[in-house]
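Structure first, commentary second.
Every read-out reported here was derived from the displayed coordinates using simple, explicitly stated rules and does not represent laboratory data. Predicted, not measured: the structure shown is a model, and the values here were computed from it. Backbone-built Cβ (ideal geometry, glycine too); neighbour counts: all protein chains shown.
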Amino acid sequence: MTMVAEAPLKNAVPTDQELIDFVVREARLIDQQRFDEWLDLYADDAFYWMPLEWNQTDPRLTCSLMYEDKLLLSIRVERLKGARTFSQKPKSRCHHVLQTPQVDSRDAAANSYVTWTPMHYVETRLEEQTLYAAWATHHLSVENGKLKIKLKRVDLINCDAAFGNIQLFM
Amino acid sequence: MTRYAGNAAALRALVRDQEVHRDVYVSEEVFQLEMEHMFPNSWVYVGHDSQVPNAGDYYGTTIGTQPILLVRHTDGTVKVLHNRCPHKGTRITSETCGNTGKFFRCPYHAWSFKTDGSLLAIPLKKGYENTGFEQSHAATGMAPVRHIRNYRGFVFAKINDGGLDFEEFFGESLSSFDNMIDRSPVGQLKVAGGVLRYMHNCNWKMLVENQTDTCHPMVAHESSAGTVVEVWKKAPPGTKKPMAVEIIAPFMSPYEFFENMGIRIWDNGHGHTGVHHSIHSDYSAIPGYFEKMTAAYGEERAKAILGENRHNTVYFPNIMIKGPIQLLRHFKPIAANKTLVESWTFQLVDAPDMLLERTLMYNRLINAPTSIVGHDDLEMYERAQEGLHSNANEWVNLQRLYSPDEAGQTNVAVNGTSEWPMRHQFRAWTKFMTMGM
């Protein structure tokens, strides 16, 4: 049976297990290249942030590897489908190994939930297979009975290293 | 097997008027000769003096593949030193940048050096008595790079004594630096926002050439910029155009746009695209900026400074600057098939923060290893690096809009899609590669 992208919450306030399941599901959608469903997990005002600096606090006046709103994320998803997306001929594939996400904070009144997930991410294309180690921080909220990502922050342990192409989403 | 060492004629034969031999990209021997001759004979960018604001501040980088240090000496001047202990060769600094205090100390045997490189002290000095140590190379300390020039904050160095002096090497091309710096109301830049580092499995010259290659954006970047244009078309009418769309969409401009924008050719491999307009021409005004520039320079001069829209200025051998958005890319050679690309951004001192914000957004959308535009380019370089091993044809064609009388012409503006700049870079390559050989 195919996993459902967006599972409705049982109650107005998500349980810890529902937050954890959500984070795990998000990674699985990337690994299965279900990018349109993946994009639907993001709120309209969401950001995906991959800092360039260790413990970076400012995404505006300090450079990042990625700091993208939903428009830019949707452009990436569209690009992956393109007939002339030469850097994806052949396509990259990826694989997440997550530790169990930890619920760092929950504030039902503010509709704000934060999880922290150490992970290894492998991206592969042609003969190359590259391993990245990172921590993913998810800032989540409930919209119309479903969890949505407001901010996903991916801190690479070697964020300041010189990388080759990183093509997909961690 | 050596084919080119000490053989200036063989090296010259690699570059023809309209084509170059693949060995300039794939031969490890040619690469080694570039490191021994071409880079040491050229004025190579080291760094910006705002990276070392205080006495004792240092920044470690390379000229070609040689490790060097930019350091602020106790007297306030900047020095460029070879980053090697004169004793056993140990690299002196452990971090890329930092502050060493009043002196450098080698972590291996504690030899110490003043920040101009001169030898300060050696432990157990008595052991060198009556050994003739004073006459040794080691006694002179960390070797300085003798020829350095700080041009309005941008530090260049030349390792060899021969060759051209700074003004002769750069000539009129320095006007692109002037324009980038003059965009600050107080005429000053500061390195800001962090450096993006991107590893490329290709020859460094492919990157340099690509800076003036205006026939590739609408083809290679159809996947990224083309998708931006398509997605943006679906936005509800009246939506304010985001900064990101302003930055990426112009890459899809038609051939005519690039033909008409023009390319300028200077001496010694330098030149710039965007004589009349460029992909940076139509950015939205930043509130308060023009008023500050007018107050500083007067309206006429402010308009002249901001009216320049030079797209990419190539400074031979291995940097490119973008004046309108204060960005410098440094193409650092590692091997014939490996190049580290560093993209540095600058803040215009006393200008609104939003200018730096736009510069940083440009850098991460175009130059990051996570950038989809960068993916388009790197894919092409790496395919070329592989394809050049085909024996079907040993020559790379650079013939577009070739004119037999072009060699020797300087400060001319030509059709923006001409491959003249690349031919011109290779003429300079031959000149500095064989200089003194």
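Dipole magnitude for segment B:352-431: computed about the Cα centre from +1 point charges on Lys and Arg Cβ and -1 point charges on Asp and Glu Cβ, it is near 240 debye. The coefficient of translational diffusion for the protein assembly as shown, derived via Stokes-Einstein from the alpha carbon Kirkwood radius under 20 °C and 1.002 mPa s, stands at 81 µm²/s. Computed from the C-beta positions of B:ASN130 and B:ARG105, the FRET efficiency with R₀ = 35 Å rounds to 0.85. Based on the alpha-carbon gyration tensor of segment B:209-296 and its eigenvalue square roots a ≥ b ≥ c, which shape applies: rounded if a/c is under 1.5, prolate if not and a/b is larger than b/c, or oblate? The shape class here is oblate. Here B:LYS338 is the anchor, and the lysines within straight C-alpha reach of less than 21 Å, apart from those fewer than 8 places off in the same chain, are B:LYS205.
Shielding by partners for peptide B:363-370, expressed as the average number of C-beta atoms from other protein chains within 10 Å of each residue's C-beta, is 6.
Computed from backbone phi with θ = phi - 60° and the Karplus coefficients 6.51, -1.76 and 1.60, the 3J(HN,Hα) list for segment A:160-170 is 9, 6, 8, 9, x, 5, 10, 9, 10, 10, 8 Hz; x is used for glycine and proline. Modelled label positions at B:GLU300 and B:ASP282, each set 7 Å beyond Cα in the direction of Cβ, lie 3.1 nm from each other.
What you get for segment A:1-76, charging only the Cβ of Lys and Arg (+1) and of Asp and Glu (-1), is a dipole of about 120 debye around the Cα centre. Can you list the lysines whose alpha carbon sits under 19 Å from that of B:LYS292, skipping same-chain ones fewer than 8 residues off? Qualifying lysines at Cα under 19 Å: B:LYS190, B:LYS303.
Here the Karplus curve 6.51 cos²θ - 1.76 cosθ + 1.60, taken at θ = phi - 60°, turns the phi angles of segment B:226-239 into couplings of x, 5, 4, 4, 5, 5, 5, 4, 7, 5, x, x, x, 5 Hz, with x standing for Gly and Pro. For segment B:374-437 and segment B:319-339, what is the separation of their C-alpha centers, rounded to whole Å? Distance between centres, Cα-based: 17 Å. Restricting the calculation to alpha carbons of segment B:75-164 gives Rg and Dmax of 14.6, 47 angstrom. The mean sequence distance of close C-alpha pairs (under 8 Å, at least 6 residues apart), as a share of the length of chain A, puts its relative contact order at 25 percent. When only Cα pairs below 8 angstrom with a gap of at least 6 residues are kept, chain B shows a relative contact order of 22 percent. With the simple model of a label 7 Å out from the Cα in the direction of the Cβ, A:VAL97 to B:TYR402 spans 5.5 nm. Between helix A:16-31 and chain A there is an angle of about 20 degrees, using the helix long axis and the longest principal axis of the Cα atoms.
Relative to the dominant Cα principal axis of chain A, helix A:70-80 is inclined by about 40°.
Placing dummy labels 7 Å off each Cα toward the beta-carbon, the span from B:LYS240 to A:ILE157 is 4.2 nm. DSSP finds beta bridges in the protein assembly as shown, and of those with both partners inside it, around 95 percent are antiparallel. Which one of B:GLY238, B:LEU207, A:TYR121 has its Cα pushed farthest toward the positive end of the charge dipole of the protein assembly as shown, where Lys and Arg give +1 and Asp and Glu give -1 at the Cβ? So the residue we want is A:TYR121. Could you name the aspartates and glutamates in cross-link range of A:LYS91, using Cα to Cα under 13 Å and dropping any fewer than eight places away on the same chain? Answer for A:LYS91, where 13 Å is the Cα cut-off: A:ASP31, A:GLU123, A:GLU127, A:GLU128, B:GLU379, listed by chain and number. Only lysine pairs 8 or more places apart or on separate chains count here, and in segment B:68-169 those with Cα atoms under 15 Å apart total 4.
Beta bridges assigned by DSSP with both partners in chain A are antiparallel in approximately 90 percent of cases. For segment B:139-209, the relative contact order is 18 percent, taking Cα pairs closer than 8 Å that sit 6 or more residues apart in sequence and dividing their mean separation by the residue count.
Remark on the protein assembly as shown: A:CYS63, A:CYS94, A:CYS159, B:CYS97, B:CYS202, B:CYS215 stand apart, with no other cysteine beta carbon under 4.7 Å.
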